[in-house]
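Shown next, in structure tokens, is the structure this report addresses.
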Amino acid sequence: MVRADLDKDPREVADMFDGVAEGYDRTNTVLTAGLDRYWRRAALQALAAVPGERILDLAAGTGVSTVEIGRSGAWCVAADFSLGMLRRGRDRNVPMVAADGLALPFADASFDGLTIMFALRNMVDTEAALREMFRVVRPGGRLVICEFSTPRPALIREAYYGLVLNALPAVAKVVSSNPEAYAYLTESIRSWPDQENLARLIGKAGWERAAWRDLTFGAVALHRAVRPA
């Protein structure tokens, strides 16, 4: 079994996701009791892609979200550095590119919008990743980040950290091809910045009007920002 540590060595993270690629989408749905679909829909609504736009679905995994973005009429490419994930999604009939989020293989200002879901926290340098996203989005283009975050109500926060996150690795042993990866998942969520601090990092990377919306009491947060025109 392959899992990464919180130093987030890119090779270890890629190997870990290669190891969970089989059954990855099913596992996410089971572990979140189907909430992953709700969170994804909310992110795509915030992105608000329209026909004729060019969208980058970064760290897209098997391309589930890429297919959904494409239904808007926008042209959307899935980029991920896990070849195992891309192989699992190769039948989805969407453009797919192997790509490092810190050195994207796209020209400056290539996209009208960019979305990244539940993957920014896996990148070794969050600020560098946000700056690289800034580079490939055109002036006036938008960024949408959907990521695990910090629940607001105290009782829910205590239950989330004390019960839900602790239970994930045990459940993953039943449904995942690499359950050890879900021990990393819980560690990475616990160490991730809260809503305000992530918005601050987004602003430091050059984005404007960084704001967020809490989903599921703040267990997930949806951040949106715009590249200055």
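Anything in region 29-88 that is on the phi < 0 side of the Ramachandran plot, open to solvent by 30 Å² or more (accessible area, probe 1.4 Å) and outside any helix (DSSP H, G or I)? List them, or say none. Correct list: VAL50, PRO51, ARG54, ARG71, SER72, TRP75, PHE81. Taking first residues from region 125-140 that are at pLDDT 95 or above and partners that are in a helix (DSSP H, G or I) and open to solvent by 60 Å² or more (accessible area, probe 1.4 Å), the Cβ contacts under 7 Å between residues at least 6 apart in sequence or on separate chains come to GLU127/LYS204. Whenever a residue of region 8-34 is within 19 Å of VAL220 (Cα to Cα) and modelled with pLDDT of 85 or more, its partners that are part of a helix (DSSP H, G or I) and of a type outside the set (S, T, N, Q), lying with C-beta atoms within less than 6 angstrom and at least six residues away or across chains, give the pairs ASP25/VAL64; THR29/ASP36.
Looking across ASP108, ASP80, ASP57, ASP91, one residue alone is of a type in the set (Asp, Glu) and in contact with a Lys or Arg (Cβ under 9 Å, 6 or more places away or on another chain). It is ASP108.
Elements of the type helices (runs of 4 or more DSSP H) sitting completely within region 132-229 and holding at least 2 residues that are open to solvent by less than 60 Å² (accessible area, probe 1.4 Å) and within 22 Å of ILE55 (Cα to Cα): these cover 195-204. When THR66 is tested against (1) over 16 Å from ALA119 (Cβ atoms); (2) modelled with pLDDT of 85 or more; (3) not aliphatic (A, V, I, L, M), exactly one condition is not met: (1). Of the residues PHE111, PHE118, which single one is of a type in the set (A, V, I, L, M, F, W, C) and at positive phi? The conditions single out PHE118. If you filter region 104-131 down to residues that are among the small types (Gly, Ala, Ser) and closer than 25 Å to TYR24 by Cα, you find that the one that is surrounded by the most Cβ atoms within 10 Å (Cβ to Cβ) is ALA129.
The values are calculated or read from the model by the stated rules, or taken from the named source; none is laboratory data. Everything numeric here is computed off the predicted structure, so don't read it as measured data. Please note: Cβ atoms are built from the backbone with ideal geometry, for glycine as well, and neighbour counts cover all protein chains shown. In case anyone asks, the SASA skips ligands and DNA or RNA and just uses the protein heavy atoms, side chains included. Shrake-Rupley method; radii C 1.70, N 1.55, O 1.52, S 1.80 Å.
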